[in-house]
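The values are calculated or read from the model by the stated rules, or taken from the named source; none is laboratory data. This one's a predicted model, so the numbers in the text were calculated from it and none came from an experiment. Don't worry about glycine lacking a Cβ; one is built from the backbone with ideal geometry, like all the others, and counts go over all protein chains shown. For accessibility, only protein heavy atoms count, side chains too; no ligands or nucleic acids. Shrake-Rupley method; radii C 1.70, N 1.55, O 1.52, S 1.80 Å.
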Amino acid sequence: MQSKVTRRALFMTAAASTLLAACGGGSGGGGYGGGSSSSQSSSSSSSSVPPPALPDPSTASALKTVFAGKFKVGMAVNPGLTSQTITHDLLLKHASSITAESVMKADPIGVSEGVYDFTQADALIAFAQANGIAVRGHCLVWHKTAPDWFFAGDQSDMTAYKALVRQRLETYVTDVVTHFKGQVYCWDVVNEVASDDSSGDYRNSKWYQTLGPDYIEYAFRAARAADPSVKLFINEYSTEYADKRARLLNIVQTLLTKGVPIDGVGHQLHISTTSTTAAAVEAALNDVEAKGLINHITELDVSFYNDPGSCLASQTGCAAQINPGTQAYNNALQAQALLYRSLYNLFLAHPSVESVTTWGVADNHTWLDTWPVTRANYPLLFDTNGDPKSAYWAVVDPTFTP
């Protein structure tokens with residue numbers, strides 16, 4: 001998950017910090033903000049506080065059954081987690097969709113120009129097919145996983161150089177989509193292309209610097225030509241914030257006006273217990289629906305920590321670690337459960353939401369344990385032992401009181 005850690009740190013520019021303060025918390029780069037400004041340390045209690053009583057885990061219904069006919073239930077994994085006991089069993093019971101955390105990105109697939117390593121990605125596909133689980137393709141183009149060979153070459157003739165980079169991009173997309181044709185139900189064609197500030201709509205990535213905004217169109221058209229039936233998505237974080245969403249939707253509208261084959265928008269939703277509301281997320285869903293597009297929730301997790309901007313920018317002032325056996329832990333569990341419930345109720349109310357994926361399976365494996373600092377986090381529906389948490393019960397049982 002190193003690449004995800006790095007790209008979220010990029011958000012905290014001076015302009016983004018100002019925006020964060022103006023919004024009263026929340027960050028475009030990870031969805032966390034506001035809340036505690038205490039230094040990182042373990043929270044403590046003079047005596048252990050028992051956790052809330054929960055139903056018998058053996059009575060937990062499969063999420064893919066609960067939401068059958070509404071949306072696919074997804075979880076992000078890499079091949080190793082498919083054989084790890086806790087995550088393996090949860091995947092088989094609950095998931096109707098999986099997303100590769102990293103093994104379907106250009107790094108590691110694109111070894112060099114025209115040379116590909118599909119070993120790990122194919123292993124994940126094989127696991128999914130053996131267990132009747134669909135696969136989201138993630139992702140074809142992302143500035144953080146673009147190998148240097150895409151941009152190598154003589155730049156003395158910029159027209160020829162740009163044509164070379166475009167050809168490499170289109171060939172890569174064509175070859176990868178062709179390799180997985182019929183094995184994935186959708187692709188995140190481009191990932192995180194919108195700017196984090198008001199300087200412009202587009203992220204000033206190497207792709208943008210080289211090819212301008214047209215690189216997005218090139219990727220989508222190549223993907224559609226390679227697989228006419230797969231659904232094609234643009235994936236972005238902080239769509240729950242109106243300013244970031246406006247920039248993204250400007251990009252989307254440009255694509256639609258040009259007849260670019262885009263089917264939907266992916267909303268990452270890396271959030272915390274206080275960084276957003278269901279109403280803010282609904283605004284994002286509504287705006288995408290207004291353009292006649294599909295909504296996917298692609299990387300959902302709900303952090304326990306509500307960090308100030310300084311934590312994201314320089315790892316200072318981060319909230320203290322919250323430990324089981326404390327009232328702070330129980331309070332966070334409750335807040336998390338209530339937010340998950342409101343979000344899943346919202347997803348159910350919007351037929352445009354066709355897939356909901358958590359970024360991980362259980363709390364024993366989450367990128368948030370090391371970002372923005374190292375501390376235990378508990379952002380998912382299942383605990384470190386794979387047992388359903390309050391958040392799970394809040395999602396599946398409207399009578400459950402967190």
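Each Cα pair under 8 Å and six or more residues apart adds its separation to the average, and for the stretch 110-208 the resulting relative contact order is 36 percent.
Within the set of other residues whose C-beta is less than 12 Å from the C-beta of residue 209, count the net charge using Lys and Arg as +1 and Asp and Glu as -1.
+3
At the residue level, residue 287 shows approximately 60 square angstrom of accessible surface with a 1.4 angstrom probe and all protein chains present.
Shown in residue order for the stretch 189-199 are the 3J(HN,Hα) couplings computed by the Karplus curve 6.51 cos²θ - 1.76 cosθ + 1.60 at θ = phi - 60°: 5, 10, 10, 6, 9, 8, 5, 8, 9, 7, 5 Hz (x for Gly and Pro). For residue 135, the amide hydrogen comes within under 5 Å of the amide hydrogens of 98, 185, counting only partners 5 or more places away or on other chains and with H modelled in the peptide plane. Roughly how tilted is helix 85-94, in degrees to the nearest 10 and between 0 and 90, from the longest Cα axis of the chain? Tilt relative to the chain: about 80 degrees.
Computing the accessible area with a 1.4 Å probe over protein heavy atoms, can you report the carbon and sulfur percentage for the chain? Summing carbon and sulfur atoms, their accessible area is 52 percent of the total for the chain. Dividing the summed -39500 (n - 2.57) terms of all DSSP H runs of n ≥ 4 by the residue count of the chain sets its mean residue ellipticity at 222 nm at -11500 deg cm²/dmol. Across the stretch 251-337, C-alpha contacts under 8 Å between residues 6 or more apart give a mean separation that, scaled by the residue count, equals a relative contact order of 30 percent. Pairs of Cα atoms nearer than 8 Å and 6+ residues apart set the relative contact order; for the chain it is 23 percent. Accessible area per residue for the stretch 124-263, computed on protein heavy atoms with a 1.4 Å probe, is 37 Å².
Its Cα centre serving as origin, the chain has a Cβ charge dipole (Lys and Arg +1, Asp and Glu -1) of approximately 300 debye. Compared with the dominant principal axis of the Cα atoms in the chain, helix 158-179 is inclined by about 60°. Would you list, by chain and number, the lysines whose Cα falls below 22 Å from the Cα of residue 144, excluding same-chain residues fewer than 8 positions away? Partners within reach: 4, 105, 162, 206, 244.
In straight-distance terms, cross-link reach from residue 70 covers every one of the lysines whose alpha-carbon lies under 19 Å from its own, apart from those fewer than eight places away in the same chain; here that gives 93, 231. Any chance you could give the angle, 0 to 90 degrees and rounded to 10, that helix 242-257 forms with the longest Cα principal axis of the chain? Here the helix axis deviates by roughly 30 degrees. For residue 303, the residues 5 or more places off, or on other chains, whose built amide H falls under 5 Å of its own are 271, 272, 273.
Taking all protein chains as shown and a probe of 1.4 angstrom, residue 104 keeps an accessible surface of around 0 Å².
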